[in-house]
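A quick write-up on the structure given underneath.
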Protein chains: 2
Amino acid sequence: MKNLNSFLKSIPHLTVDLGERSYPIIINEGFERFVELYQHLALQKRVFVVTNETVAPLYLDSLLEQLSQLNCDYNVCILPDGEAYKSFEQYQRITTELIQSHHKRNSSIVALGGGVVGDITGFAAATFQRGAQFIQIPTTLLSQVDSSVGGKTAINHPLGKNLIGAFYQPKFVYINAKTLHSLPKREFNAGMAEVIKYGMIHDSEFFEWIENHISSLHALESQALSHVILRSCDAKAKIVAEDELERNRRAILNLGHTFGHAIEAICEYKDLVHGEAVALGMVMATAFAAEHQLCDKALVERLERLLQAFQLPTRLASLRQYTDKPINAKLMIQAMLRDKKNTSERIKLILPVSLGKVKITEQFESQQITNFLCEFGLSQ
Amino acid sequence: MKNLNSFLKSIPHLTVDLGERSYPIIINEGFERFVELYQHLALQKRVFVVTNETVAPLYLDSLLEQLSQLNCDYNVCILPDGEAYKSFEQYQRITTELIQSHHKRNSSIVALGGGVVGDITGFAAATFQRGAQFIQIPTTLLSQVDSSVGGKTAINHPLGKNLIGAFYQPKFVYINAKTLHSLPKREFNAGMAEVIKYGMIHDSEFFEWIENHISSLHALESQALSHVILRSCDAKAKIVAEDELERNRRAILNLGHTFGHAIEAICEYKDLVHGEAVALGMVMATAFAAEHQLCDKALVERLERLLQAFQLPTRLASLRQYTDKPINAKLMIQAMLRDKKNTSERIKLILPVSLGKVKITEQFESQQITNFLCEFGLSQ
């Protein structure tokens with residue numbers, strides 16, 4: 001551990017503090033320091049890499065080069081790209097390939113990719129032989145600022161997103177910020193929705209910082225990116241450390257997700273990028289809170305302005321460029337009732353009360369939410 | 001918790017000590033005290049019961065009567081009976097029914113049945129919405145003395161038994177010893193294989209106690225059954241408490257299972273009952289140990305005598321009444337190489353050194369095991 005600590009001092013990082021399950025998140029430009037970190041953690045030299053067909057041509061070779069330097073024995077599983085493949089079928093496929101290539105529970109299972117790859121790989125690691133070693137290399141802004149912290153792993157069920165999963169912490173997270181240069185602009189902007197969320201729920205100063213650094217972020221300036229990633233992970237790590245298993249407080253991370261997941265479910269997890277659904281979902285939650293006098297109407301406008309600066313949808317009309325699915329109030333409520341956060345038959349909402357502060361509530365009837373959705377422009 | 005403690009004082013029980021995840025195992029005759037225990041633990045009144053088509057006609061009504069007394073809202077899922085149904089398909093079915101009946105992560109998911117029902121239900125509870133409340137009501141001797149303790153949940157993969165799973169502790173285990181009166185004799189005897197195992201690995205006095213109570217056990221005398229269940233659970237709880245996640249010591253519980261699982265895999269999890277495979281597996285492990293001068297040859301004979309008192313197979317020939325699958329050395333080694341316990345390409349064996357004591361070793365080559373198997377009567 002002494003070596004690990006001195007290694008960590010030499011590189012931008014953050015430690016997610018979860019007692020026995022604590023782990024470091026490293027931020028670097030390039031994959032060069034992966035070998036060092038892997039060695040410092042004394043992991044076995046058997047590695048199973050899961051990635052997808054979009055990420056593989058860009059970064060797989062660089063990673064495999066690192067593994068070769070380690071004299072690692074490795075296998076690779078390349079999934080199709082997309083949320084639709086965070087499925088039982090692909091999960092079964094990963095486990096089959098793990099078994100066929102004789103991996104054991106002390107093998108390292110590495111997720112190289114965005115949130116979908118991270119979630120399904122994490123779930124496979126959590127459940128393969130009752131738990132193998134899990135390593136994350138998130139390559140999208142969204143997964144770097146969101147899935148890196150919190151240990152949530154999951155696959156989708158045909159009836160709802162992330163309904164099957166486990167809490168399972170990685171051994172470490174390695175972020176190569178350079179991967180953001182190959183990320184499509186739309187994906188980058190979607191990641192910014194989650195970044196802005198941390199400002200909304202926890203850190204009003206950070207929200208202001210983002211408002212003041214829009215152009216540096218669009219230009220992918222190194223320092224700005226590194227700041228955004230570290231500060232987002234730090235916000236999430238603090239919230240998760242208080243409540244690892246999402247018994248209560250941690251649910252604030254779901255600002256915009258109750259509405260957002262419902263929109264995604266109606267779109268059958270196609271058409272929209274997750275962050276876009278969250279952006280619109282945050283506006284819905286904030287507008288709902290304002291309508292019920294929980295927060296100021298000005299907060300809705302300020303949030304919309306910042307989201308729009310990253311070309312994110314903030315009204316139903318702005319979704320129409322992406323999808324023609326019937327996003328109506330009835331389907332929204334049905335999907336929201338299936339939300340994992342609900343502890344009863346009531347819908348649990350995360351609602352802003354001021355910039356940097358939200359509350360969790362089940363006080364509202366489905367009918368009140370329906371009424372709001374209709375005012376927001378959805379059909380019945 | 002005060003109420004819980006005074007309740008526990010009024011009933012034979014054992015507490016499995018795992019810090020925050022500690023839970024009680026209650027032994028009773030009948031289901032009458034289920035309600036009390038459930039209430040003392042302050043669980044939500046939403047219950048999803050998983051059982052199978054053999055157990056349901058015998059005990060489901062008695063359990064549902066208890067749930068009605070609690071004013072519980074419940075759903076029931078009845079699986080086909082058999083190891084073949086500890087599958088991805090039935091697991092998916094359970095999760096689908098959980099979602100369709102709007103269960104949440106604070107619902108109680110109850111396993112009413114033997115090891116298969118317990119394992120698959122536990123895995124569903126572990127992974128439904130990243131972890132729901134799990135309650136076990138084991139109805140076979142094997143599941144009462146084995147699956148009640150340890151938090152191992154799993155489903156089978158077409159390529160091997162229990163390769164997919166999670167460590168997940170129940171909220172409580174309720175054992176109705178009367179269920180053993182409806183258990184087929186063959187299943188009871190198979191459970192005795194695991195009971196005898198606790199004597200072999202941990203408790204030589206208990207082994208002797210069993211040798212002296214063969215007829216009371218065959219007669220299903222209440223006191224003898226209660227002693228066997230509590231002492232077995234106690235042995236297992238002590239071993240598990242030392243090593244919850246099976247990093248090392250806990251592996252001793254697998255005496256007979258390395259060979260046994262291989263036999264079961266070759267039989268495609270049909271023909272044989274798990275305990276029968278374990279019985280023969282224990283004899284194989286002990287005979288292998290004796291051949292390599294790790295233990296006395298007399299131990300092999302003593303073990304065989306006790307197993308035979310419960311009509312358990314101790315030689316390949318005695319399996320032939322159940323199966324005609326080609327149990328040969330080559331297939332055995334292939335299956336053993338896939339064992340989860342292996343941490344390298346070598347086979348990890350649990351081998352007796354004296355009565356009540358075993359060692360864990362990877363010192364033997366596959367070839368040595370092959371040679372032994374051929375001497376034991378298997379073809380190449």
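The values are calculated or read from the model by the stated rules, or taken from the named source; none is laboratory data. None of these values were measured; they are calculated from a predicted model. Don't worry about glycine lacking a Cβ; one is built from the backbone with ideal geometry, like all the others, and counts go over all protein chains shown.
Give the residue, chosen from B:ASN156, B:ASN176, that is buried (at least 22 other Cβ atoms within 10 Å of the Cβ), more than 28 Å from B:SER62 (Cα to Cα) and polar (S, T, N, Q). Please lay out each step first, then the result.
Numbers: B:ASN176 fails: more than 28 Å from B:SER62 (Cα to Cα).
Going through B:ASN156, B:ASN176 in turn, the sole match is B:ASN156.
For the stretch A:310-318, indicate whether the set of residues that are basic (Lys, Arg) and touching a strand residue (DSSP E or B) at 6+ places or on another chain (Cβ under 7 Å) is non-empty. Within the stretch A:310-318, not a single residue is basic (Lys, Arg) and touching a strand residue (DSSP E or B) at 6+ places or on another chain (Cβ under 7 Å).
Restricting attention to the stretch A:135-152, the residues being within 13 Å of chain B (Cβ to nearest Cβ) and either under 16 Å from A:SER87 (Cα atoms) or not in a loop (DSSP other than H, G, I, E, B) (or both) number 1.
A single member of A:ILE210, A:ILE201, A:ILE266, A:ILE214 is surrounded by fewer than 20 Cβ atoms within 10 Å (Cβ to Cβ), touching a residue at least 60 places away in the same chain (Cβ under 8 Å) and either farther than 25 Å from A:TYR168 by Cα or touching a Leu at 6+ places or on another chain (Cβ under 8 Å) (or both), and it is A:ILE214.
Could you list all residues from the stretch B:221-231 that are surrounded by 15 or more Cβ atoms within 10 Å (Cβ to Cβ) and of a type outside the set (S, T, N, Q)? Reasoning before the result, please.
In the first step, residues of the stretch B:221-231 are kept if they are surrounded by 15 or more Cβ atoms within 10 Å (Cβ to Cβ); the result is B:224-231.
The answer is B:ALA224, B:LEU225, B:HIS227, B:VAL228, B:ILE229, B:LEU230, B:ARG231.
Taking B:LYS197, is it outside any loop (DSSP other than H, G, I, E, B) and more than 23 Å from B:GLY19 (Cα to Cα)? Against the criterion (outside any loop (DSSP other than H, G, I, E, B) and more than 23 Å from B:GLY19 (Cα to Cα)), B:LYS197 qualifies.
Would you call A:SER182 away from chain B (no Cβ under 14 Å), polar (S, T, N, Q) and in contact with a strand residue (DSSP E or B) (Cβ under 9 Å, 6 or more places away or on another chain)?
Numbers: away from chain B (no Cβ under 14 Å): yes; polar (S, T, N, Q): yes; in contact with a strand residue (DSSP E or B) (Cβ under 9 Å, 6 or more places away or on another chain): no.
Here the answer is no, as A:SER182 does not meet what is asked.
Restricting to helices (runs of 4 or more DSSP H) lying wholly in the stretch B:20-124: which have 3 or more residues that are within 14 Å of another protein chain (Cβ to nearest Cβ)?
Details: elements: B:34-40, B:61-69, B:88-100.
Result: B:88-100.
Has the stretch B:203-224 got at least one residue that is in a helix (DSSP H, G or I) and within 13 Å of the chain's Cα centre (by Cα)? Within the stretch B:203-224 (the criterion being in a helix (DSSP H, G or I) and within 13 Å of the chain's Cα centre (by Cα)), the answer is no, since none of the residues qualifies.
Just one of (1) at pLDDT 95 or above; (2) under 23 Å from the mean Cα position of the chain (by Cα); (3) part of a loop (DSSP other than H, G, I, E, B) fails for B:ILE347. It is (1).
Check A:GLU301, A:GLU291, A:GLU276, A:GLU362 and return the single one that is within 14 Å of chain B (Cβ to nearest Cβ) and either of a type outside the set (Phe, Trp, Tyr) or surrounded by fewer than 16 Cβ atoms within 10 Å (Cβ to Cβ) (or both). Can you show your working first?
Values: A:GLU301 fails: within 14 Å of chain B (Cβ to nearest Cβ); A:GLU291 fails: within 14 Å of chain B (Cβ to nearest Cβ); A:GLU276 fails: within 14 Å of chain B (Cβ to nearest Cβ).
Among A:GLU301, A:GLU291, A:GLU276, A:GLU362, only A:GLU362 is within 14 Å of chain B (Cβ to nearest Cβ) and either of a type outside the set (Phe, Trp, Tyr) or surrounded by fewer than 16 Cβ atoms within 10 Å (Cβ to Cβ) (or both).
Look through the stretch A:37-73, keep the residues that are at pLDDT below 95 and touching a helix residue (DSSP H, G or I) at 6+ places or on another chain (Cβ under 6 Å), and return whichever of them is surrounded by the fewest Cβ atoms within 10 Å (Cβ to Cβ). By that ranking, first place goes to A:GLN69. Of the numbered criteria (1) part of a strand (DSSP E or B); (2) surrounded by 24 or more Cβ atoms within 10 Å (Cβ to Cβ), the one B:ASN162 fails is (2).
What pairs come up if the first residue lies in the stretch B:104-133 and is of a type in the set (D, E, K, R), the second is assigned to a strand (DSSP E or B), and their beta carbons are under 6 Å apart, counting only those six or more places apart or on different chains? If the second residue must be assigned to a strand (DSSP E or B), the pairs left are B:ASP119/B:THR153; B:ASP119/B:ALA154; B:ARG130/A:GLY165; B:ARG130/A:ALA166; B:ARG130/A:PHE167. For the stretch A:252-300, taking the residues that are assigned to a loop (DSSP other than H, G, I, E, B) and farther than 13 Å from A:VAL353 by Cα, the one that is modelled with the highest pLDDT is identified as A:GLY256.
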